[in-house]
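For reference, the structure discussed in these notes is given below.
The values are calculated or read from the model by the stated rules, or taken from the named source; none is laboratory data. Just so you know, these numbers come straight off a predicted model, no measurement behind them. Note that we place each Cβ from the backbone using ideal geometry, even for glycine, and neighbour counts take in every protein chain shown. We work out accessible area using only protein heavy atoms, side chains counted, and drop any ligands, DNA or RNA first. Shrake-Rupley method; radii C 1.70, N 1.55, O 1.52, S 1.80 Å.
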Amino acid sequence: MTRADRLVIAAAIIAIVAATGALAQEAEQEQLPVPPGDGVWRFDFCHPEAPAGEGYYRVLGDTAYDAERGYGYTEGRARATAFDQNRRVTRDVLVLDDVTRDGIYGGTPFRVDLPDGAYRVVVLTGQYSRPGANRPDAHFREYTITAGEEVLYQQGDAPEEFYDPQGRYFANYYRDWHPDVNLYQANIARWIPFGEAEVEVVGGMLEVAASPYAPINALWVFPVGSEAGETAPAELRAHQEEFFNRQYPWLAEEPERDMPELPATMAEAGAAVWVRQTAGDLRPSTRPIAWDLGRPLRLFAGPGEREPGVVAVSPLRDIAGTVDLVASDLQGANGATIPAGALDIRYIRFGEYPVTGGYEVRPHFLVPWRPDRMDDGITRGFWVDLFTPEDAQPGLYEGTLTVTGLAAEVGVPIEVRVLPLALPTSRCYCGVYAGDLSGTTFRHYRTMRELPNEMVWMVLRKRMEFLADQGFTGLFDSLPWYPLEFGADGQIVTTETWEYYLQVWRMAASIPNFSERVLNYYLGGYQLFPKCEGFLTRSQLGAMEIDDIGFSDETVEQMSRMVEFLYEQTRAEGLPDIVFYVQDELGNDGAKGARYGRELLSAINRCRERVPGGFRTCISTLRAAIAREYLDEADIVIPNSAYPINEDTIAELEEHGCTLGLYNMGATRFSYGFYPWRVDAYCRAQWSFSYDGDTRDPFVSLPSGARVSCDCHYTPEWEVLPSIGMLDQREGVDDYRYVQLLEEMLARAGEQGREGTDAAREARATLDELHEAVIVDYRDPANNWDRSTMDYWRWRVAHAAIDLQDELG
């Protein structure tokens, strides 16, 4: 049974148990005394298929006020909407306690009959997550819950509030993982808070009113000074934590080996410190071998290139206070220096990831802050990112990385060899998908009019510049829907969304790595055409006969006019050329998806005939059997590893005149460097932003299991916060650039008639040998290269390039 099967079964069990419990509680509710014997009204606002907490009055959206019962919703037109978070399944099942799990949005005022006097009213309000890719309304909408004239809870909707460094979005940014973490408080409680107030009841009744986007999960009403009343919410707080946390115990791994005998300096400091090849497999249980201790961190790079290293720290006892890794200046020959500031040192932040039976700890984001304590036996690490100065002189540089904050300082030697090579810009358009901020970080601002535009443009520019600084050349950002429509007179009318498009393209034009062309994901899907009369979307396919799938001449005419307008406007302004990204993964729709792809590509090809100079199209696909139906209409075809990609499928693409691209093959260095070079791929893209991470908390992985991939998010100062996966991909791009450099040098040698020199022959032999080492069938186990293998080939290529450069002069 697969993990996905287990999740489906778990969800079904939850639904069955919930429904059974709900039926049983209908009878139980009749047994609760009214009014309550201890004077504490406990209300659980429920989804119809969810049970109430034990001892709570069950309130549904249709629980109308009844004088005999003494509580219920008053008459009115406001609609109450129930939700149940435990019914959500996205890779994992979120299970909260019966009181917290569900609630009711809005509705008419809720009335409770009470003797006059002073009462304490406490509300539990919030929704952690919801199905799909949008945040729950309770995360960001303005709402208020009142009891009489008193405010129980109030929330604003200003972006400045939500994205404040101390606000809800960044609340977990500075949180470090420790074994004593309270997972409920860290991950859930902020999104489902308590509110309370003291209320004077006059006239024998109290009304609690919730504005339209205000959820009520539970409500307590009790006389001021009631010991039982004060205890009731506190008991739920304790139960919330115990119920959630016991589902996710930390599954600590045994240390991978015994700690070797440490040098005296490390023993005195109380920690082992050593250099590691990689960060992605760093775990609390990681331990060094004797050879690691004292070994220098060795890096090589050309001017302007970035190159990473990892330093691990394994404490022998608890350490209180900040632990840091500090670099010295690096000294070279003849007084040459690489300043310490050229080393961007980041802490490798651990996160909790759900697995069967609990959670495990993995690294993900590389944060600029430092840990304020370390735990005995829990290995952690620092990422050292060298940004070689453009004016650095070739040669060897040496310095020291020093761990501070221990009982004594521990130094690690660092050696950097600067190569006399200037890497070219990658000709393969490598990048990441789903970076559009209006669809991820700012996704919950539903319309263009509501977007915090100044903030969006600032963050978008920082992200584009960051990606370019890392060497990426492919901009695959998705764009919002509906930039164009037709007015009453039949003429094209631009919407506010069109201005967003232009802003993105103008920004790309100002950044050299993206100024030539962009590949905006799904431009030919839901983004551009839905306002064309008769345009067919994938959501309509299920109800159609396969032979009815197509686009009328009238629809294609309107599509053509939009495409003409788009290219006329962008080319007149000198904006990047737009590769028309048509669709994605039509294999998910089976044979109808294949037919839809053929008909949509055919329609867009007709549009292309109307555009002077034409344009290129691309389509990503996950099944060769599906893609075959539309290959004759396709231009750039971008399969993923499951397509599969091998000599036969690549040859088939070539036979149909298609250009090969690559996508979703894992956030790996190999798949961004040596492999796309081997198969001569036009582009390489990978899903980056996790919608889970932007629909609740971008820095938390429990309980939905946000993937360790190539995400990047942001610091509270809106600097890009990269993941390990993203920078591993960058290393692949650099591998590609080294090989491209050697190829360009060989071409220059040929132009000069010097292809027969010793250095040129050695360069050709190196490329031929590398060509043989990379297997075209991507899934071949021989392609599972580790870092040392890729570093070996990068050094071989670099060495051949240096020798050839010396010979060419």
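For region 552-563, a tally of residues being without any contact (Cβ under 8 Å) to a residue 60 or more places away in the chain and open to solvent by less than 30 Å² (accessible area, probe 1.4 Å) returns 5. Just to be sure, is F472 open to solvent by less than 10 Å² (accessible area, probe 1.4 Å) and among the aromatic types (F, W, Y)? It is true that F472 is open to solvent by less than 10 Å² (accessible area, probe 1.4 Å) and among the aromatic types (F, W, Y). Restricting the first member to region 577-601 and to residues that are touching a residue at least 40 places away in the same chain (Cβ under 8 Å) and among the β-branched types (V, I, T), and the second to residues that are open to solvent by 10 Å² or more (accessible area, probe 1.4 Å) and not in a helix (DSSP H, G or I), the beta-carbon pairs closer than 8 Å and six or more apart or on different chains are I578/R517; I578/F615; V579/R517; V579/F615; V579/R616. Taking every residue in region 265-282 that is closer than 15 Å to L297 by Cβ and pairing it with any residue that is hydroxyl-bearing (S, T, Y) and part of a helix (DSSP H, G or I), at least 6 positions away or on another chain, the pairs with Cβ-Cβ distances below 8 Å are Q277/S788. Based on this model, can you work out whether R317 counts as part of a strand (DSSP E or B) and open to solvent by 60 Å² or more (accessible area, probe 1.4 Å)? No: the conditions fail for R317.
Name the single residue that is surrounded by the most Cβ atoms within 10 Å (Cβ to Cβ) among those in region 129-138 being more than 18 Å from D157 (Cβ to Cβ) and touching an Asp or Glu at 6+ places or on another chain (Cβ under 9 Å).
Taking the candidates together, the pick is S129.
One residue stands out in region 776-809 among those that are without any contact (Cβ under 8 Å) to a residue 40 or more places away in the chain, farther than 23 Å from G280 by Cα and not charged (D, E, K, R): the one that is surrounded by the fewest Cβ atoms within 10 Å (Cβ to Cβ), namely G809.
Can you tell which of W457, W498, W505, W481 is assigned to a loop (DSSP other than H, G, I, E, B) and either surrounded by fewer than 22 Cβ atoms within 10 Å (Cβ to Cβ) or touching a residue at least 12 places away in the same chain (Cβ under 8 Å) (or both)?
Selected residue: W481, the only one of W457, W498, W505, W481 that is assigned to a loop (DSSP other than H, G, I, E, B) and either surrounded by fewer than 22 Cβ atoms within 10 Å (Cβ to Cβ) or touching a residue at least 12 places away in the same chain (Cβ under 8 Å) (or both).
Can you spot a residue in region 57-74 that is in contact with a strand residue (DSSP E or B) (Cβ under 6 Å, 6 or more places away or on another chain), of a type in the set (S, T, N, Q) and modelled with pLDDT of 95 or more? Checking region 57-74: at least one residue is in contact with a strand residue (DSSP E or B) (Cβ under 6 Å, 6 or more places away or on another chain), of a type in the set (S, T, N, Q) and modelled with pLDDT of 95 or more. When region 564-584 is limited to residues that are assigned to a helix (DSSP H, G or I) and among the hydrophobic types (A, V, I, L, M, F, W, C), the one that is surrounded by the most Cβ atoms within 10 Å (Cβ to Cβ) turns out to be L566. A single member of Y163, Y173 is touching a helix residue (DSSP H, G or I) at 6+ places or on another chain (Cβ under 9 Å), surrounded by 15 or more Cβ atoms within 10 Å (Cβ to Cβ), closer than 29 Å to V720 by Cα and among the aromatic types (F, W, Y), and it is Y163. Test G756 against the criterion of being out of contact with any Gly (no Cβ under 8 Å at 6 or more places or on another chain), open to solvent by 40 Å² or more (accessible area, probe 1.4 Å), of a type in the set (G, A, S) and at negative phi, and give yes or no. Criteria met by G756.
Of all residues in region 192-199, one or more are under 26 Å from the mean Cα position of the chain (by Cα) and surrounded by fewer than 21 Cβ atoms within 10 Å (Cβ to Cβ).
Please find, within region 659-669, the residue that is farthest from the chain's Cα centre (by Cα) out of those that are among the hydrophobic types (A, V, I, L, M, F, W, C) and surrounded by 24 or more Cβ atoms within 10 Å (Cβ to Cβ). In this case the residue turns out to be L662. Residues in region 254-275: is at least one open to solvent by 10 Å² or more (accessible area, probe 1.4 Å), farther than 30 Å from T400 by Cα, of a type outside the set (V, I, T) and modelled with pLDDT of 95 or more? Yes, region 254-275 contains at least one residue that is open to solvent by 10 Å² or more (accessible area, probe 1.4 Å), farther than 30 Å from T400 by Cα, of a type outside the set (V, I, T) and modelled with pLDDT of 95 or more.
Filtered by the rule that a residue be free of Cβ contacts under 8 Å to residues at least 60 places away in the same chain and either part of a loop (DSSP other than H, G, I, E, B) or over 23 Å from the mean Cα position of the chain (by Cα) (or both), region 517-538 gives L528, F529, P530, K531, C532, E533, G534, F535, T537, R538.
Being in contact (Cβ under 8 Å) with a residue 40 or more places away in the chain, open to solvent by 50 Å² or more (accessible area, probe 1.4 Å) and within 30 Å of P420 (Cβ to Cβ): is that true of R298 here? Answer is yes for this residue.
Say we look at region 35-89 and pick out the residues that are open to solvent by 50 Å² or more (accessible area, probe 1.4 Å) and hydroxyl-bearing (S, T, Y); which of these is farthest from A228 (Cα to Cα)? In this case the residue turns out to be T81. Taking the numbered list (1) open to solvent by less than 30 Å² (accessible area, probe 1.4 Å); (2) more than 23 Å from the chain's Cα centre (by Cα) in turn, F514 passes all entries but (2). Within region 691-707, not a single residue is over 19 Å from A468 (Cβ atoms), modelled with pLDDT of 95 or more, open to solvent by 20 Å² or more (accessible area, probe 1.4 Å) and outside any helix (DSSP H, G or I). Taking helices (runs of 4 or more DSSP H) as the structural unit, those lying wholly within region 123-198 and holding at least 3 residues that are touching a His at 6+ places or on another chain (Cβ under 9 Å) correspond to 137-140. Of all residues in region 769-784, those satisfying the criterion of being in contact with a helix residue (DSSP H, G or I) (Cβ under 9 Å, 6 or more places away or on another chain) and either over 15 Å from Y738 (Cβ atoms) or among the acidic types (D, E) (or both) are E769, I775, V776, D777, Y778, A782, N783, N784.
This table checks each residue for (1) over 27 Å from M266 (Cα atoms); (2) open to solvent by less than 60 Å² (accessible area, probe 1.4 Å); (3) of a type outside the set (F, W, Y).
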| site | (1), (2), (3) |
| --- | --- |
| E390 | yes, no, yes |
| G395 | yes, yes, yes |
| L406 | no, yes, yes |
| P413 | no, yes, yes |
| P420 | yes, yes, yes |
| S426 | yes, yes, yes |
| R443 | yes, no, yes |
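As a summary of the residue check, Y714 satisfies the conditions (1) of a type in the set (S, T, Y); (2) at pLDDT below 95; (3) surrounded by fewer than 23 Cβ atoms within 10 Å (Cβ to Cβ); (4) under 25 Å from E585 (Cβ atoms) except for the one numbered (4). L152: buried (at least 19 other Cβ atoms within 10 Å of the Cβ) and in contact with a strand residue (DSSP E or B) (Cβ under 6 Å, 6 or more places away or on another chain), yes or no? It is true that L152 is buried (at least 19 other Cβ atoms within 10 Å of the Cβ) and in contact with a strand residue (DSSP E or B) (Cβ under 6 Å, 6 or more places away or on another chain). Just one of the numbered conditions (1) without any contact (Cβ under 8 Å) to a residue 60 or more places away in the chain; (2) touching a Lys or Arg at 6+ places or on another chain (Cβ under 9 Å); (3) closer than 21 Å to F382 by Cβ is not true of R257: (3). Close contacts from region 539-551, counting a first residue that is within 14 Å of G525 (Cα to Cα) and a second that is of a type in the set (K, R), with Cβ to Cβ under 8 Å and a gap of 6+ residues or different chains, come to L541/K592.
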